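Working notes, structure below.
The values are calculated or read from the model by the stated rules, or taken from the named source; none is laboratory data. Predicted, not measured: the structure shown is a model, and the values here were computed from it. All Cβ positions, glycine included, derive from the backbone under ideal geometry; neighbour counts span all protein chains shown.
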Amino acid sequence: MKGVSLVKKIKFEDIILQNACNYINNVIEIFKKLLEEGMDIRELSLKVREMVDKLGIETMVAIIEELDKIIKEDKRRKEKWVVEREDEKTLITTVGEIKYKRTYYKSKEDGRYTYLTDDALGIGRHERIEEGVKVKIVEKATEESYEKSSKEASPVELSRQTVLNAIREIGEVEIKKEVEEKKEIKVLYIEADEDHVSLQDGGKEMPRLVYIHEGKETKNGRSELKNVHYKAYVGQKPEDIWIDVANYINDNYKEEKIEKIYIAGDGARWIKEGIEWIPQSRFVLDRYHLNKYILMATSKEPRYRDRIWRAINEGNEKELKEAFNELSKIAQTEQEKKKIREVKKYILNNWEGIKIYKEDEDAIGCSAEGHISHVFSDRLSRNPLGWSREGLKLMAKLRVFKKNGGNLREVEWRKKRKNNNEGYKLTKKQIKEAVKRAKTYTKEQINNITVLNMGKVTPIYRILKAIKYERVI
């Protein structure tokens, strides 16, 4: 039979015991060095971390190779699979880079080839990075650059392309909760804004953020949005955005009970288009942008600011026009006049979204600028980055997924992969016998260790005694 080694392999039980003894000896050596030479807490923690990582790697290799041995000796396996050879695989895991040997098989039924041990562990044929590592680097990549996320989240430094590949594998994640019963509310709020992001090809893209909430509430002395849900859109038409938002409302709320829906933003055409798609909706102009425009128009004549704001707060369109006409007359340059005309036009074009504050007490304003900063800008545009369109879209979705409380360890792509590959299944009897054999043998070996029979209580004595008297399953 191919692949059968003539060298007698070390027993799994011996490996467990040897690893335990090596670990204890290393602890004693570190303690000895601390007493003899001295070391600060940083050096101590680094040495302990190095020792624990080494133990973790050795333990993983021992467990995987023992699983391979059990599968290889299984009678059911021999009926269906023929041993071809033994191959080594390198895999980056959360404990470090491991190298292990596993057996390659050929099916007697259909002639296909596979590594049954890898199948049992959910490891893909060409997979070089364990899923746990991918999740960690993607989580980190939502906050840091690809390069930094690789260094900080992976035990082995990975390339920027590898990080991007992990993000691509996870794909466009989104929280989709099953709603048992739709909510009954009278007032609903939608806020929207966009970021401006540089692309690698020299172009620009504007990822759009829309979030739906039920108003404001106070928690721990702070005002927060109630039951807020975020959505990210990159490269989609306004009509597709608002259809998606409308579907979210329909899936989560009893629309016939909603009396008012406010769509708030800076007055951009794509935002105001939402009124055409969302029933019972009215537009509300974001006061942050309104104030920014007023400051721009009155930069040379700040004494007009109070007058303009008074006209706005009173809903007095006539007084507003007169104030801007006066500003335009006293402007000294054509550039200043142009700026004043633009601001006047902006305010009048959004007048319905401005006077609503006076007419409707349920119109509470908009905080989209702050949300754009925290959800998008902090990662997408604050630093001089150059994104690919695909990378930008995936990252925008990831940022929103995280903001909505999503957990990448629970995303659907992982479950699908596992369900598609059931792997090799051991019987309950095989599992019980393997565990009992390992624990019983190890304790028998420990019983023969001299230090346990000397009666002297030392740190190594306590550790070994704890192992000795651990209950056998």
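In the set Glu157, Glu130, Glu144, which member is out of contact with any strand residue (DSSP E or B) (no Cβ under 8 Å at 6 or more places or on another chain), within 23 Å of Val61 (Cα to Cα) and without any contact (Cβ under 8 Å) to a residue 40 or more places away in the chain?
Only one candidate qualifies: Glu157.
Just to be sure I understand the filter: pairs with C-beta atoms under 9 Å, separated by 6 or more residues or on different chains, first member in region 358-381 and assigned by TED's automatic domain parsing to the domain that holds Glu217 and β-branched (Val, Ile, Thr), second member modelled with pLDDT of 85 or more and assigned to a loop (DSSP other than H, G, I, E, B). Which pairs pass?
Once the first residue is assigned by TED's automatic domain parsing to the domain that holds Glu217 and β-branched (Val, Ile, Thr) and sits in region 358-381, its partners that are modelled with pLDDT of 85 or more and assigned to a loop (DSSP other than H, G, I, E, B) give Ile364/Gly215; Ile372/Asp195; Val375/Asp195.
Can you run down the residue pairs with Cβ atoms below 7 Å, 6 or more apart or on separate chains, where the first is in region 49-66 and within 12 Å of Thr93 (Cβ to Cβ) and the partner is among the hydroxyl-bearing types (Ser, Thr, Tyr)?
Going by the 7 Å Cβ cut-off, the qualifying pairs are Met60/Thr93; Val61/Tyr100; Ile64/Tyr100; Ile64/Thr117.
Taking Gly124, is it part of a loop (DSSP other than H, G, I, E, B) and on the phi > 0 side of the Ramachandran plot?
Answer is no for this residue.
When the residues of region 373-397 are narrowed to those that are in a loop (DSSP other than H, G, I, E, B) and out of contact with any strand residue (DSSP E or B) (no Cβ under 6 Å at 6 or more places or on another chain), which ends up nearest to Asp193 (Cα to Cα)?
Residues of region 373-397 in a loop (DSSP other than H, G, I, E, B): 381-386, 388.
Imposing the further condition that a residue be out of contact with any strand residue (DSSP E or B) (no Cβ under 6 Å at 6 or more places or on another chain) reduces the set to 382-385, 388.
Working: Arg382: 16, Asn383: 19, Pro384: 21, Leu385: 20, Ser388: 21 Å.
The extreme case among them is Arg382.
Run Arg282 past the list (1) closer than 13 Å to Ile212 by Cα; (2) part of a strand (DSSP E or B); (3) not hydroxyl-bearing (Ser, Thr, Tyr) and report the number of the one that doesn't hold.
Just one mismatch for Arg282, condition (1).
Of everything in region 134-180, what is out of contact with any helix residue (DSSP H, G or I) (no Cβ under 8 Å at 6 or more places or on another chain), over 18 Å from Arg399 (Cα atoms) and of a type outside the set (Lys, Arg)? Give them in sequence order.
Hits for region 134-180 are Val156, Gln161, Glu178, Glu180.
Residues being surrounded by 13 or more Cβ atoms within 10 Å (Cβ to Cβ) and either touching a Phe, Trp or Tyr at 6+ places or on another chain (Cβ under 6 Å) or farther than 30 Å from Thr93 by Cα (or both): count how many of those fall in region 172-195.
13
Quickly run through region 170-190 and pick out the residues that are free of Cβ contacts under 8 Å to residues at least 40 places away in the same chain and under 25 Å from Lys140 (Cα atoms).
Those that are free of Cβ contacts under 8 Å to residues at least 40 places away in the same chain and under 25 Å from Lys140 (Cα atoms): Lys176, Lys177.
If I ask for residues that are part of a helix (DSSP H, G or I) and β-branched (Val, Ile, Thr), which ones from region 333-347 would you list?
The answer is Ile340, Val343, Ile347.
Checking the conditions here, which among Arg307, Arg379 is surrounded by 15 or more Cβ atoms within 10 Å (Cβ to Cβ), modelled with pLDDT of 95 or more and basic (Lys, Arg)? Can you show your working first?
Numbers: Arg379 fails: modelled with pLDDT of 95 or more.
When all the criteria are applied, what remains is Arg307.
How about region 187-206: which of its residues are part of a strand (DSSP E or B) and of a type in the set (A, V, I, L, M, F, W, C)?
The answer is Val187, Leu188, Ile190, Ala192, Val197, Leu199.
Would you point out the residue of region 131-181, among those that are farther than 29 Å from Gly235 by Cβ and at pLDDT 90 or above, that is nearest to the chain's Cα centre (by Cα)?
Val133
Being among the basic types (Lys, Arg) and surrounded by 14 or more Cβ atoms within 10 Å (Cβ to Cβ) is the filter; apply it to region 14-47 and report the residue that is nearest to Met60 (Cα to Cα).
Lys47
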